[in-house]
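Visitor: Okay, here's the structure, questions in a sec.
The values are calculated or read from the model by the stated rules, or taken from the named source; none is laboratory data. Note that the structure is a prediction, hence the values are computed from the model and not measured. Here the Cβ is made from the backbone with ideal geometry for all residues, glycine too, and neighbour counts use every protein chain on show. Note: accessible area is taken over every heavy atom of the protein model, side chains too, but ligands, DNA and RNA are not part of it. Shrake-Rupley method; radii C 1.70, N 1.55, O 1.52, S 1.80 Å.
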Amino acid sequence: MSAPAHPDSTDLDRLHNAVKREKVDLAPESQPAPLWAMFLLMIVAIIAGGQLGPMTGGWSFNVSNPFATAGGGDPRPGGAGVGDALDPFALAMKKGSSGYAVCGGCHQGNGGGLPGQFPPLAKSEYVVGGTERLIRIVQHGLIGPVTVNGQGFNTPGGMQPFGGTMSSQDLANVLTFIRNSWGNEATMITKDMVQKVRDEEKRTSQWTISELEPFADKNVPGDIPAGPGATAAAAPAPAAK
């Protein structure tokens, strides 16, 4: 008497199901990532998120200070305390040179701009002219054709506004810097001047040159604490030790 046949040898459904349960052979060098590698990547992502999370101040050092919890304070050369020895104009120039990084991509590090697209800041009548027009341009942006130093420019999409991403103090520093770099010389712009324009003008669209014509020669009122055209009384020199 012969032994009974194995059920799987006669039941096609069972055979098919068994085949479906088999895993597809992986190609050489296509093995799944080990669990330890996936765990390590997860840890890196968590740490990176923890570092980026606090950076919500427009990458301003005063808001996103990576040394805030360090006992030794700000270790950067020229960090905390060094500015105390500078007059307001020199301090604005120092900080403005760093803040100019957001402008240099278009207007270039030498303030020369790019022909036909981005107008120069060097020797520009819009930079050394009325402070109110300049503040309004940077605060709300500019669109349409503009002529600078006798050359025509028409930036695609126009100049974007920076009022929503930079504080009044940061804008004042950058504007003071560009008004006194690359051969330019003009009075500094203070935080109070920028804030005054912000409080008075709630515009939400970019300016055109024709709209800015009434402000071409207007200066926002306020004391000039130091630098060219200073109007405020000079601070007394520190007493000798």
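Visitor: Applying the selection to region 109-127, what residues are among the polar types (S, T, N, Q) and at pLDDT 90 or above?
Guide: Of the residues in region 109-127, the ones among the polar types (S, T, N, Q) are 110, 117, 124.
Result: Asn110, Ser124.
Visitor: Oh, and also: If you go through region 164-171 one residue at a time, do you hit one that is touching a residue at least 12 places away in the same chain (Cβ under 8 Å), among the small types (Gly, Ala, Ser) and touching a strand residue (DSSP E or B) at 6+ places or on another chain (Cβ under 6 Å)? I'd like the intermediate steps shown before the answer.
Guide: Of region 164-171, the ones touching a residue at least 12 places away in the same chain (Cβ under 8 Å) are 165-171.
Checking which are among the small types (Gly, Ala, Ser) leaves us with 167-168.
Going one step further and asking which of them are touching a strand residue (DSSP E or B) at 6+ places or on another chain (Cβ under 6 Å), we end up with none.
The answer is no; no qualifying residue exists.
Visitor: Among the listed residues Gln139, Gln206, Gln151, which satisfies the condition of being touching a strand residue (DSSP E or B) at 6+ places or on another chain (Cβ under 7 Å) and polar (S, T, N, Q)? Working first, answer last.
Guide: Working: Gln139 fails: touching a strand residue (DSSP E or B) at 6+ places or on another chain (Cβ under 7 Å); Gln151 fails: touching a strand residue (DSSP E or B) at 6+ places or on another chain (Cβ under 7 Å).
Step by step, each of Gln139, Gln206, Gln151 is checked, and only Gln206 is touching a strand residue (DSSP E or B) at 6+ places or on another chain (Cβ under 7 Å) and polar (S, T, N, Q).
Visitor: Hey, can you tell me all the residues within region 90-121 that are aliphatic (A, V, I, L, M), open to solvent by 60 Å² or more (accessible area, probe 1.4 Å) and in contact (Cβ under 8 Å) with a residue 12 or more places away in the chain? Break it down into steps so the answer makes sense when it comes.
Guide: Of region 90-121, the ones aliphatic (A, V, I, L, M) are 90-93, 101-102, 114, 121.
When the remaining residues are screened for being open to solvent by 60 Å² or more (accessible area, probe 1.4 Å), the result is 101-102, 114.
Answer for region 90-121, where residues must be aliphatic (A, V, I, L, M), open to solvent by 60 Å² or more (accessible area, probe 1.4 Å) and in contact (Cβ under 8 Å) with a residue 12 or more places away in the chain: just Val102.
Visitor: Now for a different question. Which of the residues spanning region 184-208 are buried (at least 17 other Cβ atoms within 10 Å of the Cβ) and among the β-branched types (Val, Ile, Thr)?
Guide: Thr187, Ile189, Thr190, Val194, Val197
Visitor: Out of Thr176, Thr131, I need the residue that is open to solvent by less than 10 Å² (accessible area, probe 1.4 Å), in contact with a Gly (Cβ under 8 Å, 6 or more places away or on another chain) and among the polar types (S, T, N, Q). Which one? Write out each step before concluding.
Guide: Values: Thr131 fails: in contact with a Gly (Cβ under 8 Å, 6 or more places away or on another chain).
Of the residues listed, the single one that is open to solvent by less than 10 Å² (accessible area, probe 1.4 Å), in contact with a Gly (Cβ under 8 Å, 6 or more places away or on another chain) and among the polar types (S, T, N, Q) is Thr176.
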